[in-house]
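Here the structure is laid out as structure tokens; the discussion comes afterwards.
The values are calculated or read from the model by the stated rules, or taken from the named source; none is laboratory data. Bear in mind the structure is a predicted one, so any value in this text is a computation, not a measurement. Don't worry about glycine lacking a Cβ; one is built from the backbone with ideal geometry, like all the others, and counts go over all protein chains shown.
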Amino acid sequence: MDKLYLVIPCYNEEEVIGETAARLRSKMNALIARRLIAEDSRVVFVNDGSRDRTWTLIEELHRADPLFAGINLARNRGHQNALLAGLLTVKEHADVVISLDADLQDDIGAIDEFVDKYRQGFDIVYGVRKAREKDTFFKRATAQGFYRLMSMMGAELVYNHADYRLMSRRALDGLAEFGEANLFLRGIVPLIGYPSAIVEYERSERFAGESKYPLKKMLAFALQGITSFSIKPIRMISALGFFIFAVSLIMLGYFLSVHFTGHTVPGWTTIAISVWAIGGLQLLGIGVIGEYIGKTYLETKRRPKFIVERTLGVADGGLVSVG
Ligand code: UDP
Ligand code: MG
């Protein structure tokens, strides 16, 4: 039977962690009783440098019940990093992992369906929220704008999926190959490319405490998503520069014709031409430089160019991997 590990990043969650643990304990009991997962499955809380009693509570949970495990980060590194830390740490021990938030917004009831899909052979299962009625109009609108922008920028995102997701061991191995420093997990996971499925769930209100994602963090997160996935903004500068320069060549004809028919103040032609031509050239230049910086940027990420799905008839050490 497969070992299921739940990974839960926690930042200042003392108000909710007890309740979350209790509900997960009974969910895991049910799964174990139905012989769907192994008895030594775990619930792993990742403490992301909390300033409250979160870690103490995790320690207590662990002492009382071996189901609960903990990973303590040296300082607050943000949700995405905490989650990755959890995933990569448990990778060697788990057969399958589900990541979820500590605040019970992700419906624990959906775990059955996740496991079901996994047993059907899916490596990645995305939790997708059914409706956004409970969100404010502002949050809904910004979220929608964000998804649209991301797809314009060329990143494939699963619509309305956050970080409630199941990943098999080999999907985690795939994830580990992505060596990038700027993490945007929900953009990277689809790039792994193993068979995936979707499970819909109702996202509820936070059980207690307040959101650790204020507007400022949300904006930073969105910007991170865009810039870590795309150099399109730089391309736009190049295109604009090219356009303005092309227009300036047309204007040149116009400026000169006006100049020679004598309907101008002295010096106007030179200034007008310079402003247009130089402006366009400068933008174009910035764009070209940007293109190289962009390339360097993408290279320094050292993303894997491929992930081997399976090999046939290759003995250990018989295959030299091409990096
Ligand atoms: N979180 C974290 N580190 C942070 C901020 C948040 O580990 O710096 C965790 C938090 O404890 C929760 C999850 O990330 O389990 C999602 O955060 P939150 O519920 O505050 O975000 P929201 O649901 O409001 O978007
Ligand atoms: Mg939340």
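If you scan region 92-109, which residues turn out to be surrounded by fewer than 24 Cβ atoms within 10 Å (Cβ to Cβ) and within 14 Å of ligand 2 (Cβ to nearest atom)?
Within region 92-109, 101, 103, 104, 105, 107, 108 qualify.
Which of (1) of a type in the set (A, V, I, L, M); (2) away from ligand 2 (no atom under 16 Å from the Cβ); (3) part of a strand (DSSP E or B) does residue 46 not meet, given it meets every other one?
All conditions pass for residue 46, except number (2).
Those residues that are surrounded by 12 or more Cβ atoms within 10 Å (Cβ to Cβ) and outside any strand (DSSP E or B), I need them from region 124-140; list them, please.
132, 134, 135, 139, 140
Based on what the data block shows, is residue 141 within 23 Å of residue 17 (Cα to Cα) and away from ligand 2 (no atom under 16 Å from the Cβ)?
For residue 141, the condition - within 23 Å of residue 17 (Cα to Cα) and away from ligand 2 (no atom under 16 Å from the Cβ) - is not met.
Which residue out of 135, 163 is within 15 Å of residue 218 (Cα to Cα), within 16 Å of ligand 2 (Cβ to nearest atom) and touching a residue at least 40 places away in the same chain (Cβ under 8 Å)?
163 is the lone residue from the list that is within 15 Å of residue 218 (Cα to Cα), within 16 Å of ligand 2 (Cβ to nearest atom) and touching a residue at least 40 places away in the same chain (Cβ under 8 Å).
For the structure I just gave you, tell me whether residue 102 is in a loop (DSSP other than H, G, I, E, B) and either more than 30 Å from residue 16 (Cα to Cα) or of a type in the set (Lys, Arg) (or both).
In short, no.
In region 32-39, is there at least one residue being within 16 Å of ligand 2 (Cβ to nearest atom) and assigned to a helix (DSSP H, G or I)? Quick ask: steps written out before the conclusion?
As a first pass, look at region 32-39 and keep what is within 16 Å of ligand 2 (Cβ to nearest atom): none.
No, the conditions are met nowhere in region 32-39.
For (1) on the phi < 0 side of the Ramachandran plot; (2) crowded, with 17+ Cβ neighbours inside 10 Å; (3) within 16 Å of ligand 1 (Cβ to nearest atom), each residue gets a yes or a no:
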site	(1), (2), (3)
3	yes, yes, no
11	yes, yes, yes
18	yes, no, yes
28	yes, yes, no
32	yes, yes, no
50	yes, yes, yes
58	yes, yes, yes
61	yes, yes, yes
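Hey, any hits in region 39-49 for a residue that's touching a Lys or Arg at 6+ places or on another chain (Cβ under 7 Å) and among the hydroxyl-bearing types (Ser, Thr, Tyr)?
The answer is yes, given that some residue of region 39-49 is touching a Lys or Arg at 6+ places or on another chain (Cβ under 7 Å) and among the hydroxyl-bearing types (Ser, Thr, Tyr).
Report, by residue number, each residue of region 12-39 that is farther than 13 Å from residue 2 by Cα and of a type in the set (Val, Ile, Thr).
16, 17, 20 - these are the residues of region 12-39 that are farther than 13 Å from residue 2 by Cα and of a type in the set (Val, Ile, Thr).
Among the residues of region 57-75, how many are of a type outside the set (A, V, I, L, M, F, W, C) and either at pLDDT below 90 or assigned to a helix (DSSP H, G or I) (or both)?
Total satisfying the criteria: 5.
Can you confirm whether residue 73 is under 22 Å from the mean Cα position of the chain (by Cα), surrounded by 17 or more Cβ atoms within 10 Å (Cβ to Cβ), within 16 Å of ligand 2 (Cβ to nearest atom) and of a type in the set (A, V, I, L, M, F, W, C)?
no
Tell me yes or no: at least one residue of region 237-250 is at pLDDT below 85, under 17 Å from the mean Cα position of the chain (by Cα), under 30 Å from residue 302 (Cα atoms) and away from ligand 1 (no atom under 16 Å from the Cβ).
Checked region 237-250: no residue is at pLDDT below 85, under 17 Å from the mean Cα position of the chain (by Cα), under 30 Å from residue 302 (Cα atoms) and away from ligand 1 (no atom under 16 Å from the Cβ).
Give the residue that is nearest to ligand 1 (Cβ to nearest atom), with candidates limited to residues of region 193-225 that are touching an Asp or Glu at 6+ places or on another chain (Cβ under 8 Å) and outside any loop (DSSP other than H, G, I, E, B).
So the residue we want is 201.
Looking only at region 81-107, how many residues end up being within 17 Å of the chain's Cα centre (by Cα), modelled with pLDDT of 90 or more, within 9 Å of ligand 1 (Cβ to nearest atom) and of a type outside the set (D, E, K, R)?
3
Only residues that are within 17 Å of residue 226 (Cα to Cα) and of a type in the set (A, V, I, L, M, F, W, C): list them for region 261-303, please.
Those that are within 17 Å of residue 226 (Cα to Cα) and of a type in the set (A, V, I, L, M, F, W, C): 293, 298.
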